[in-house]
Amino acid sequence: MNKRNDRNDREEQSEFVDRLVHINRVAKVVKGGRRFGFAALVVIGDQKGRVGFGHGKAREVPEAIRKAAEAAKRNLVRVPLREGRTLHHDVAGRHGAGKVVLRAAPPGTGIIAGGPMRAVFETLGVQDVVAKSIGTSNPYNMVRATFDALKAEDSPRGVAARRGLKVSTLQARRRVVDGGRADS
């Protein structure tokens, strides 16, 4: 019983959830043999629309993960979510040879995405999304391409503010345009 209370207290102190995406072992050849080091890629988020990723290197795995988590906390971005569960619109992103396509999905779809992208969406708090990675399967480039796409995500409130309109006017225009296409 006491352990459970301690665990709940620790989870409340840390508002962030972190996911280890990838660990890479690297070797440096020296006179006496090989010296091993580790590089870690960590995604961190509050499951309410804020997410970040970080890269850490050290001689020990736990130290590399800790450094990556600290770097991730410094690089947090806010992503607007529709109803707190999915994206507002479809979006594509790229980084190097990595390309990703993210699509909003209806309730109950779940997270349909590959490993590194799945970690980003789980820590972001997205519950319904369909994502496809095209090109590289390198986790670093996939995560960076996903963040590139998420930075392009915009909410109707943000678009309305930029255009100097009310959100209801913007939504009404969208219904008229969609209705006009269906009749044609």
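The values are calculated or read from the model by the stated rules, or taken from the named source; none is laboratory data. As the structure is a computational prediction, the values presented were derived from the model and not from experiment. Cβ placement follows ideal geometry from the backbone for every residue including glycine, while neighbour counts extend to all protein chains displayed.
Points to keep in mind about this one:
- Selection from the range 37-46 of residues that are touching a strand residue (DSSP E or B) at 6+ places or on another chain (Cβ under 6 Å) and under 23 Å from Ala105 (Cβ atoms): Val43, Gly45
- Residue in the range 62-77 that is touching a residue at least 24 places away in the same chain (Cβ under 8 Å) and touching a helix residue (DSSP H, G or I) at 6+ places or on another chain (Cβ under 7 Å) present: yes
- His95 touching a Lys or Arg at 6+ places or on another chain (Cβ under 7 Å) and more than 12 Å from Val21 (Cβ to Cβ): yes
- Flag if Lys132 is assigned by TED's automatic domain parsing to the domain that holds Val21 and either modelled with pLDDT of 90 or more or outside any helix (DSSP H, G or I) (or both): no
- Every residue from the range 107-129 that is among the hydroxyl-bearing types (Ser, Thr, Tyr) and either free of Cβ contacts under 8 Å to residues at least 40 places away in the same chain or in a strand (DSSP E or B) (or both): Thr109
- Qualifying positions in the range 130-145 - in contact (Cβ under 8 Å) with a residue 24 or more places away in the chain and among the polar types (S, T, N, Q): Ser133, Thr136, Asn138, Asn141
- Looking only at residues in the range 12-31 that are at pLDDT below 90 and surrounded by fewer than 10 Cβ atoms within 10 Å (Cβ to Cβ), the one that is farthest from Val61 (Cα to Cα) is Glu12.
- Residue check, Val159 part of a helix (DSSP H, G or I), modelled with pLDDT under 85 and more than 26 Å from His22 (Cα to Cα): no
- Members of the range 51-106 that are out of contact with any strand residue (DSSP E or B) (no Cβ under 8 Å at 6 or more places or on another chain), within 17 Å of Pro156 (Cα to Cα) and assigned to a strand (DSSP E or B): none
- Matching residues in the range 90-111 - criterion: being farther than 14 Å from Thr146 by Cα and surrounded by fewer than 18 Cβ atoms within 10 Å (Cβ to Cβ): Pro106, Pro107, Gly108, Thr109, Gly110
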